[in-house]
């Protein structure tokens, strides 16, 4: 028996587009004389469809898509992920299912049991868990179908769930396990996937075909890396990361196993590809292709510009250089050099006169109060207006260039440098931004060396440096990681040896600035805990403030 | 036996503040010789604590609070809501519980069974449902404790849940049912609460003490209205809406019943109070007290200003009037008249010169392209900068004045009129804004009559009217309500008699503008489906776009 797995880049709610992709994959599978093709989780409608699932009309469109797919299932079995209505009166209205289509009909519907409801996942919001189990059958082979999380309840000290659906499925003596996934990338968990699949293969002594989504949906980036695993727990093949891929396997060969085949890619390289795909898909799926950003001469906007150029091409990226009276000469020089290295259009718009326009009109209202954050923010917001004016005039999406360290402590101006349609590096800490910049420059100097060597500064007042108001980024980023990624409290972080006052100040800043993060762009997620939909905090909360 | 119910305004994460409130309520109850006092859901930590629940340190602080409360439970039984750790290895780490404290100890812990995970609720994200049931006992009376949603699974055609915890509790033959709630206000469901309690009282033939949270937590507004119900299903007493209240009842009297006592308040008046409380608590809980807003002379900013003044006092509200060359004379006049009626400070800052400053510097980049939305947005964003400059200089929070109709179709400028720390009227449609304005003016003309009579306009280009680009608000708001509140699809809405092209255009606008709403302030929620945490939509989604 031959089995095809299709690792495709779906688009939420684009039923026609998703269907056409699946139909051409089916055609390819048939050309390879495949008996069975498997797509990923919720492939009809894209993942995550979020509250679109509450629209009857949206579900109807997915049902139509399934019917059309079924009509193509005569020479080949099709396993597809789709939301299916719960026929019972009680419980949530939908199941998140794997459907087996064959001989023109839906032959078996296997709902998902373990519904992730944490971090970026909201599946209990929409879906009822499975209570019944069974199998699909094709050419004498029994097939167990699982959806994503269903195979993940293996061997934790503190499991989130009280059941293991694979145990129920195993009772039907399947010959092979399929897993339909939409598992978002994060740099901390790359190896876990193989570990989980291995533990399933060894426990059940069965081959597993794991089919993952690839591509980005706003903030979530799916890295592909679909896997075929032999019953001995060795990786028979791993599909490429971050790109579409359709491959066909002979089941007998997979059963036999062979020396393990695993790709190796450095973490920083994965982050680089993830962010590039994140930008590319955000634009493409919105039907847009041009970006703009402000280049300050600093490392954050430099890295963002490089990623944008790699994602969209230099002809689709333009930059504004907007020096004020507080900008150093080298800022413009460094920004200009970068733009020239990248071959992108840049314009220089000095903002001093506009700034004095604002301070002039505000002078009678400012009552002689000294220069402070109000004047600093005026500069940042003038830049926001200029960027957005080009955005509105020519249809360029403004890219936000804030990093995770700044976003965490609120070191940024709402409607100023925090503006933009997409936050590109908002999930990597400042120290990681430098790492990424070094990786970008590893073969030749794209980002000017001077950008690396100077002290980070917002340049909103004379001789300002980030270190005037923030601790060293090496320390700050460690404290932030403990608090944000690891959810440690102040006492636990202090116990690690950090200064008590500093820890309390940093945690207070993080919590106080929730209101800013509430209003910033979606952040491309590459960590286990990004700002945005996966981290839901009260704004008026008093905790640690 | 005497029973006290305490309807209090908690603050998320403010353990000390919440504890002090509860301790003084206990003191008051003891002074009334009460035997038992009941607080509302998650009263130690405030509701909703959101992802603070993932911090071990946060749970520890709640546990300390419970221990202190227990030490006060010698002369009186205390029922309090708190998150409690799940002692089992499997499942989520917490329960959302009602605790019975008596004689210095936790006597019984009853976890919540029905965990709302829809709209603004995320309880499955944190909590494991109850699987065991029991009762508390004090002075020979058996008490069944339920938490919020636990009593709501009554008589729907399509229940969300597959169990009814009150049935399990009933098996222990309780004498009285307590319900600890944190049930957010919405104008569409005011009567439902009494109906649900009635159905429980009649089914189980027991008195019910329903204790609700009051006050606002960012976008969620809790209206109080706690209820004591006799076993015959009549309301024995309803506590006031939107304010703290502590009352003591003789259980025997409640058992006996009396003619039903229910408050009546018009919907528009409830909305008025809800929004006022929403503003007041947002400021108070952030430790701030001053607001600023832009007054355009239109109805939206007028209503927002009135609500701000009622919430914070005229001395804490100031306004900027920022006419451009496209503003009509009467705009400034109407705004000035309103400010004078309200007794608030206002300043007039004409923006024409600043506008020409921007268009001048941008002219070489605009390549002779005609005036369009880019120039319109520059005006709106200049106003944003001026408002924010005062906000930053003096600590006034900028109030956003956009209504739900505009926010729905994206009729607003990101970082311009969509700026602000809190959206006051973002959950009421334009037609409701007029209703609210009329209600405000019912005794005397506070909002100038002229503001009612003129055609709505953004005044960003000559002779502009909202009706140039939007349908009549009477029609628009109905279509929006069908789509947003009722989740009807295009075919269902067209079937109601609306023009097909119009419906498709409106729905497309709503979905296309998700990116704008993603970046706007939290919206005070008064409907069953507000923009914000209760409506989670993909940005790159292709549905209806």
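Has region A:87-102 got any residue that is farther than 30 Å from residue A:216 by Cβ, in contact with a helix residue (DSSP H, G or I) (Cβ under 9 Å, 6 or more places away or on another chain), free of Cβ contacts under 8 Å to residues at least 40 places away in the same chain and more than 14 Å from chain B (Cβ to nearest Cβ)? Checked against the condition, which is being farther than 30 Å from residue A:216 by Cβ, in contact with a helix residue (DSSP H, G or I) (Cβ under 9 Å, 6 or more places away or on another chain), free of Cβ contacts under 8 Å to residues at least 40 places away in the same chain and more than 14 Å from chain B (Cβ to nearest Cβ), region A:87-102 yields at least one hit.
Among the residues making up region B:60-86, those that are touching a helix residue (DSSP H, G or I) at 6+ places or on another chain (Cβ under 8 Å) and farther than 19 Å from residue B:40 by Cβ are B:64, B:75, B:85. Examine region B:134-147 for a residue that is modelled with pLDDT of 95 or more, closer than 25 Å to residue B:526 by Cβ and out of contact with any helix residue (DSSP H, G or I) (no Cβ under 6 Å at 6 or more places or on another chain), and state whether such a residue exists. Among the residues of region B:134-147, at least one is modelled with pLDDT of 95 or more, closer than 25 Å to residue B:526 by Cβ and out of contact with any helix residue (DSSP H, G or I) (no Cβ under 6 Å at 6 or more places or on another chain), which makes the answer yes. For region A:382-389, state whether one or more residues are within 10 Å of chain B (Cβ to nearest Cβ), touching a residue at least 40 places away in the same chain (Cβ under 8 Å) and touching a helix residue (DSSP H, G or I) at 6+ places or on another chain (Cβ under 8 Å). The answer is yes, given that some residue of region A:382-389 is within 10 Å of chain B (Cβ to nearest Cβ), touching a residue at least 40 places away in the same chain (Cβ under 8 Å) and touching a helix residue (DSSP H, G or I) at 6+ places or on another chain (Cβ under 8 Å).
Those helices (runs of 4 or more DSSP H) of region B:454-544 in which at least 1 residues are more than 8 Å from every other protein chain (Cβ to nearest Cβ), touching a residue at least 24 places away in the same chain (Cβ under 8 Å) and closer than 25 Å to residue B:120 by Cβ, considering only elements entirely within it, cover B:473-480, B:500-512, B:514-518. The set of residues in region B:87-119 being assigned to a loop (DSSP other than H, G, I, E, B), surrounded by fewer than 24 Cβ atoms within 10 Å (Cβ to Cβ) and in contact with a strand residue (DSSP E or B) (Cβ under 6 Å, 6 or more places away or on another chain) consists of B:92 alone. Every condition in (1) farther than 27 Å from residue A:485 by Cβ; (2) touching a helix residue (DSSP H, G or I) at 6+ places or on another chain (Cβ under 7 Å); (3) without any contact (Cβ under 8 Å) to a residue 60 or more places away in the chain is met by residue B:109 except one, and the failing one is (2).
Checked against the criteria, residue A:121 does not count as free of Cβ contacts under 8 Å to residues at least 60 places away in the same chain, under 28 Å from the mean Cα position of the chain (by Cα) and within 14 Å of chain B (Cβ to nearest Cβ). Annotation: residue A:263 fulfils all but one of (1) more than 20 Å from residue A:150 (Cβ to Cβ); (2) under 25 Å from the mean Cα position of the chain (by Cα); (3) surrounded by 16 or more Cβ atoms within 10 Å (Cβ to Cβ); the unmet one is (3).
Look at (1) part of a helix (DSSP H, G or I); (2) under 30 Å from residue A:544 (Cβ atoms) and you find that residue B:292 fails only one, number (1). Enumerate the pairs (first residue in region A:346-371 and in contact (Cβ under 8 Å) with a residue 24 or more places away in the chain and more than 9 Å from chain B (Cβ to nearest Cβ); second residue anywhere and crowded, with 18+ Cβ neighbours inside 10 Å and assigned to a helix (DSSP H, G or I)) with beta-carbon separation below 7 Å, excluding pairs fewer than 6 apart on the same chain, so at least 6 apart or on different chains. Within 7 Å, the pairs are A:346/A:339; A:348/A:332; A:355/A:378; A:355/A:379; A:355/A:382. For region B:296-316, the set of residues classified as touching a residue at least 24 places away in the same chain (Cβ under 8 Å) and assigned to a loop (DSSP other than H, G, I, E, B) consists of B:296, B:297, B:298, listed by residue number. Under the condition of being part of a loop (DSSP other than H, G, I, E, B) and within 21 Å of the chain's Cα centre (by Cα), the residues counted in region B:183-218 number 7. Listed by position, the helices (runs of 4 or more DSSP H) contained in region A:328-440 that have at least 3 residues being surrounded by 22 or more Cβ atoms within 10 Å (Cβ to Cβ) are A:329-342, A:373-394, A:404-409, A:430-440.
Selection of region B:34-67 for residues being in a helix (DSSP H, G or I) and under 19 Å from the mean Cα position of the chain (by Cα) yields B:50, B:51. Of the residues making up region B:219-235, those that are in contact with a strand residue (DSSP E or B) (Cβ under 8 Å, 6 or more places away or on another chain) and either assigned to a strand (DSSP E or B) or farther than 20 Å from residue B:6 by Cα (or both) are B:219, B:220, B:221, B:222, B:223, B:224, B:227, B:228, B:229, B:235. For residue B:169, state whether it is outside any strand (DSSP E or B), out of contact with any helix residue (DSSP H, G or I) (no Cβ under 8 Å at 6 or more places or on another chain) and modelled with pLDDT of 95 or more. Spelling it out, residue B:169 is indeed outside any strand (DSSP E or B), out of contact with any helix residue (DSSP H, G or I) (no Cβ under 8 Å at 6 or more places or on another chain) and modelled with pLDDT of 95 or more. Does residue B:37 qualify as being crowded, with 22+ Cβ neighbours inside 10 Å, more than 10 Å from chain A (Cβ to nearest Cβ) and more than 23 Å from residue B:92 (Cβ to Cβ)? So residue B:37 fits the description; yes.
The values are calculated or read from the model by the stated rules, or taken from the named source; none is laboratory data. Note that the structure is predicted; figures quoted are calculated from it, not measured. So basically every Cβ, Gly included, is an ideal-geometry build from the backbone, and we count neighbours across all protein chains shown.
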